[in-house]
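Below is one structure, written out as structure tokens; comments come after it.
The values are calculated or read from the model by the stated rules, or taken from the named source; none is laboratory data. It should be emphasised that the depicted structure is a prediction, and the values quoted were computed from it without experimental measurement. Cβ placement follows ideal geometry from the backbone for every residue including glycine, while neighbour counts extend to all protein chains displayed. The protein model used for the area step is the full one, side chains on, heavy atoms only, and it has no ligands, DNA or RNA in it. Shrake-Rupley method; radii C 1.70, N 1.55, O 1.52, S 1.80 Å.
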Amino acid sequence: SANIGGMGTLTGTGPNIVLAGGFATMFPEAPALSFAAWLAFATPVAAVCLLVAWALLSVRHLPSPDAGYNAKATYALLVEKRRSLDTS
């Protein structure tokens, strides 16, 4: 998520700022990369990447109804495991 959020703004990561400086040096006749121009380009891309990441994580890690997931049994198991760690 840090990578996705970092690419959304010009100051989000160092490489974005380096790109803006290099772009100004390589293409002096082109308009400068402003913060607003970067937001207009990168925020929709970051939003789509965030939604795709959320969907992939949801499909991979959320239990399916057919898997026989039992919340009470899972909670009881976690409580038991935690108690086994509290041996002090």
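A few comments on the model shown:
- Positive-end residue of LEU77, GLY21, ALA42, charge dipole of the chain with Cβ unit charges: LEU77
- Gain in span if fully extended, LEU62 to ARG83, counting 0.36 nm per residue against the direct Cα distance: 5.0 nm
- Cβ charges +1 (Lys, Arg) and -1 (Asp, Glu), total dipole of the chain, debye: 400
- Orientation-averaged projection of the chain equals 10.0 nm² [convex hull of Cα atoms, one quarter of hull surface area].
- Build a GNM of the chain with springs between Cα atoms under 10 Å apart, and of LEU56, LEU39, LEU78 the one that fluctuates most is LEU78.
- Look at the alpha carbon pairs under 8 Å that are at least 6 residues apart: their mean separation over the length of the chain gives a relative contact order of 27 percent.
- Per residue accessible area of the chain, 1.4 Å probe, in Å²: 82
- Calculated FRET efficiency for the pair VAL45/ALA71, C-beta based, R₀ 35 Å, to 0.05: 0.45
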